[in-house]
1. Out of the residues in segment 30-56 that are hydroxyl-bearing (Ser, Thr, Tyr) and part of a helix (DSSP H, G or I), which is nearest to residue 13 (Cα to Cα)?
2. Looking only at segment 1-16, which residues are in a loop (DSSP other than H, G, I, E, B), of a type in the set (A, V, I, L, M) and either within 11 Å of the chain's Cα centre (by Cα) or at pLDDT 90 or above (or both)?
3. Of the residues in segment 11-25, how many are in contact with a Lys or Arg (Cβ under 8 Å, 6 or more places away or on another chain) and of a type in the set (Gly, Ala, Ser)?
4. Among 12, 50, which is the only one that is surrounded by 13 or more Cβ atoms within 10 Å (Cβ to Cβ), touching a Gly at 6+ places or on another chain (Cβ under 9 Å), without any contact (Cβ under 8 Å) to a residue 40 or more places away in the chain and not aliphatic (A, V, I, L, M)?
Amino acid sequence: MVTAAQWRKRISADPAIHHGDPCVAGTRVPVSVIVGSIADGDTFEQILDSYPQLTREDIQATLLYAAEAVNRFDLFPVSK
């Protein structure tokens, strides 16, 4: 299990890797791809099959990163 404080060791943003997008450390797998896969209904097992270089803790870290990123922004509903 990854704690909120530990995700920082598993997520990195390097301008030389994937245009500086946040990725799982030591890989070129962007956080957005993992979070998007989960949003599409993929299970941890399906993601791990697609990206064998990842661990369950890496996936948890991407979710914690995304949660903290969203917490830092004020989001306003878009009216129709």
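1. Here the answer is 32.
2. Listed by number, the residues that qualify are 13, 16.
3. Taking segment 11-25 and keeping what is in contact with a Lys or Arg (Cβ under 8 Å, 6 or more places away or on another chain), we get 17-18, 24-25.
After this cut, where a residue has to be of a type in the set (Gly, Ala, Ser) as well, the list is 25.
Selection size over segment 11-25: 1.
4. 12
The values are calculated or read from the model by the stated rules, or taken from the named source; none is laboratory data. The model shown is predicted, which means the values in this text are computed figures rather than measured ones. Neighbour counts are summed over all protein chains in view; Cβ atoms, including those assigned to glycine, are modelled from backbone coordinates with ideal geometry.
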